[in-house]
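Down below is the structure, laid out as structure tokens.
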């Protein structure tokens with residue numbers, strides 16, 4: 001029994017001793033004035049994927065190497081250390097700053113891409129605010145413009161399409177919410193913006209139907225003085241819808257119902273006046 005227990009406990013104790021010794025060495029290194037050693041160890045820790053320790057040593061080494069060629073590499077590795085710790089806000093900022101300050105560096109192209117990619121990883125669920133999503137789109141587009149022959153261009157375009165689809169979904173969701181709240185003018189405005197901002201959207205026919213419905217509901221719920229004008233607008237929306245989607249029988253059936261109802265209510269409103 002004792003031998004079995006020893007086989008388990010002894011290796012654990014050895015490992016604990018080694019880790020404790022390593023930590024003591026690291027603590028001494030942090031307090032050291034040997035910046036060349038700090039930098040060498042920073043690279044070692046980075047390669048060993050101990051990114052926090054690496055980051056701390058790079059931070060200490062950076063001021064000492066200011067004005068030297070080595071600072072470029074330190075800054076690049078320091079930023080990657082942030083990235084590998086999933087500190088994407090910091091890595092997005094530092095990668096962008098690196099490519100701006102070292103445009104001719106061997107690391108500049110990768111930094112430009114990684115700044116955009118960090119924002120891509122920050123991009124939230126479509127229901128949330130999409131500033132980082134737009135930052136990622138802008139970053140990837142800037143990368144493509146600056147490096148049109150890069151092997152990363154294809155991936156950038158794929159990611160841009162993914163991010164734009166998320167923003168489109170967000171914008172449609174916002175318009176739908178206005179519709180549910182019976183804010184029909186706001187809903188129509190938002191739907192039209194989706195069609196303008198995403199001219200190749202696959203949801204075009206569905207969105208135009210929603211514009212038609214919103215126009216109709218706005219007219220129905222208007223005060224009498226505005227009904228005639230707004231039912232006329234609904235009829236115009238129908239004509240536009242028909243011009244674009246007359247071949248779609250399912251949608252046209254619904255559109256025809258809205259159109260006929262709008263005609264009837266328009267005539268009633270005229271008679272009342």
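For this structure, a couple of remarks:
- Tensor-based shape of region 181-273 (alpha-carbon gyration tensor, a/c under 1.5 rounded, otherwise prolate or oblate): oblate
- Fully extending the segment from residue 229 to residue 85 would add 45.9 nm, taking 0.36 nm per residue of separation and subtracting the current Cα-Cα distance.
- Computed from label points 7 Å out along Cα-Cβ, the spacing between residue 247 and residue 162 is 3.3 nm.
- Sorted by Cβ neighbour density within 10 Å, fewest at the top, the residues 263, 172, 137: 263, 172, 137
- Difference of contour (0.36 nm per residue) and Cα-Cα distance, residue 189 to residue 104: 26.1 nm
- GNM result for the chain, Cα springs below 10 Å: residue of 152, 260, 210 fluctuating most strongly: 260
- The chain: angle of helix 88-101 to the longest principal axis, Cα-based, in degrees nearest 10: 80
- With neighbour counts taken as other beta-carbon atoms within 10 Å, the residues 209, 56 rank, fewest first, as 56, 209.
- Modelled spin labels at residue 267 and residue 149, positioned 7 Å past Cα toward Cβ, are 7.0 nm from each other.
- Taking 0.36 nm per residue of separation and subtracting the current Cα-Cα distance, fully stretching the chain between residue 256 and residue 222 would add 10.1 nm.
- Only one item in (1) 62, 24, 16; (2) 31, 21, 19; (3) 29, 24, 18 matches semi-axes √(5λ) of the Cα gyration tensor in Å derived from the coordinates shown, and that item is (1).
- In terms of surrounding Cβ atoms within a 10 Å radius of their Cβ, 66, 192 rank from fewest to most as 66, 192.
- Site pair residue 43 and residue 27 shows an inter-label distance of 2.9 nm when each label is modelled 7 Å from Cα along Cα→Cβ.
- Relative contact order, whole percent, for region 161-273 stands at 20, derived from Cα pairs under 8 Å and 6 or more residues apart.
We did not get these values from a lab; they are worked out from the coordinates using the rules stated. Nothing here was measured: the structure is a model prediction, and the numbers come from that model. Counting neighbours? That spans all protein chains shown, and the Cβs are built from the backbone with ideal geometry, glycine included.
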